[in-house]
Amino acid sequence: MKVEVIVVAAGLGKRLKTKVPKALVLLKGKPLINYSLKVFENHLGIDGVVIVGAQGFLADFVRMTKSFKKIRAIVPGGQERADSVKCGLKSLASDTKIVLVHDAARPFVDRAMIDRLLANLKKNKAAIVGVPVKFTVKKVDASLNIKETPARNLLWEAQTPQGFHKDVLIKAHARKSKDEATDDAVLAERMGIKVKMVMGNYRNIKVTTPEDIVLAQQLL
């Protein structure tokens, strides 16, 4: 089955306090996005990549990623993350069957987690990578009173890539909802689709703050 990746890179990185989108911030001399693109480029199971970049910076994305052969399109993103994924969906090849959605801000995706994800998508309509939480989590109310302490062994931190059969992801994004969707998996969940959790990697951090940049440099 043909597999393509939508790399979401439309975030402006306000918390990083940079003048360029987060995906173009240099990490040891290379744009942040290039680290994940290299993994997808070298993975034999990936057929193509669509980059959804920030408005006004598409020429920069073209220039900084021109060495990658699997990139089939670089398109502008939307207002929210879900809008950007929709933009990417429109640029996929017509014969693509499996879609992975990945945050450009996660430079440490690796081949092993992609392998596990693709293997699970042979049996499931949707699957995402994640890791078990390490700490006790408390559920609170609006006044910050603790209401519940969920069993830690049932809690996982969601990461990307997240994988879907293309028809499922298209239908999930076509459904209108007033509720915020912080990832694509929740859209599939709202449709009643069972989403499989697959082991990711604790190194697979999301770069969001200046402190994350420091940590990412240490992990390289």
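The values are calculated or read from the model by the stated rules, or taken from the named source; none is laboratory data. These numbers come from a predicted model, not from an experiment. When we count neighbours, we look across all protein chains shown, and the Cβ atoms used for this are built from the backbone with ideal geometry, even at glycine. Just so you know, the surface numbers come from the protein's heavy atoms only, side chains and all, with ligands and any DNA or RNA stripped out. Shrake-Rupley method; radii C 1.70, N 1.55, O 1.52, S 1.80 Å.
Could you pull out the pairs from LYS86/LYS139; LYS97/LYS171; LYS38/LYS66 whose alpha carbons sit more than 21 Å apart here? Over 21 Å apart, Cα to Cα: LYS86/LYS139. A dipole drawn for the stretch 102-220 from +1 and -1 charges on Cβ atoms has a positive end, and of ALA188, LEU220, THR209 the residue lying farthest that way is ALA188.
Each part reduced to its alpha carbon centroid, the stretch 153-175 and the stretch 1-22 end up 17 Å apart.
Toward the positive end of the charge dipole of the chain, about the Cα centre and with charges on Cβ (Lys, Arg +1; Asp, Glu -1), which of SER84, ILE74, THR149 goes farthest? Looking along the dipole axis, the top candidate is ILE74.
May I ask for the percentage of alpha-carbon pairs in the stretch 96-218 that lie more than 23 Å from each other? The proportion of pairs with Cα distances above 23 Å equals 41 percent.
A 1.4 Å probe run over the chain, with the rest of the protein chains in place, finds 54 Å² accessible per residue.
Divide the volume of the convex hull around the Cα atoms of the stretch 1-130 by the residue count and you get 111 Å³ per residue.
The magnitude of the dipole of the stretch 1-134, with charges of +1 and -1 set on the Cβ of Lys/Arg and Asp/Glu and taken from the Cα centre, is near 300 debye. Under the criterion of Cα pairs below 8 Å and six or more residues apart, the relative contact order for the stretch 115-220 equals 34 percent. Mean projection of the alpha-carbon convex hull of the stretch 124-173 over all orientations, in nm²? Taking the Cα atoms of the stretch 124-173, their convex hull projects to 5.2 nm² on average.
Can you tell me how the stretch 5-73 classifies by the Cα gyration tensor, rounded, prolate or oblate, using a/c under 1.5 as the rounded cut? Judged from the Cα gyration tensor, the stretch 5-73 comes out prolate (a/c at least 1.5, a/b above b/c). Across the chain, C-alpha contacts under 8 Å between residues 6 or more apart give a mean separation that, scaled by the residue count, equals a relative contact order of 23 percent.
Assuming R0 = 41 Å, what is the FRET efficiency of GLU41 and ARG175, from their Cβ-Cβ distance, to the nearest 0.05? According to the calculation, E is roughly 0.80.
The alpha-carbon atoms of the stretch 70-139 define a convex hull whose volume equals 167 cubic angstrom per residue. ASP141 accessible area, nearest 10 Å², 1.4 Å probe? ASP141 exposes around 50 Å² with every protein chain in place. Residues GLU41, GLU189, sorted by accessible area with the largest first, give GLU189, GLU41 [1.4 Å probe; ligands and nucleic acids excluded]. Subtracting the Cα-Cα distance of ARG63 and ASN145 from 0.36 nm times their residue separation leaves 24.5 nm of extension gain. Positive-end ranking of MET113, ALA10, GLY130 along the dipole of the chain, with charges on Cβ about the Cα centre, is headed by MET113. Over the chain, the pair-distance histogram of Cα-Cα distances with 5 Å bins from zero comes to 1, 7, 15, 18, 20, 18, 12, 6, 2, 1, 0 percent, rounded to whole numbers. A full extension of the chain between ALA119 and LEU26 corresponds to an added length of 30.2 nm, given 0.36 nm per residue minus the alpha carbon distance. Computed from label points 7 Å out along Cα-Cβ, the spacing between ARG72 and MET1 is 1.6 nm. What a 1.4 Å probe finds exposed on the chain is 53% carbon and sulfur by accessible area, rounded to a whole percent.
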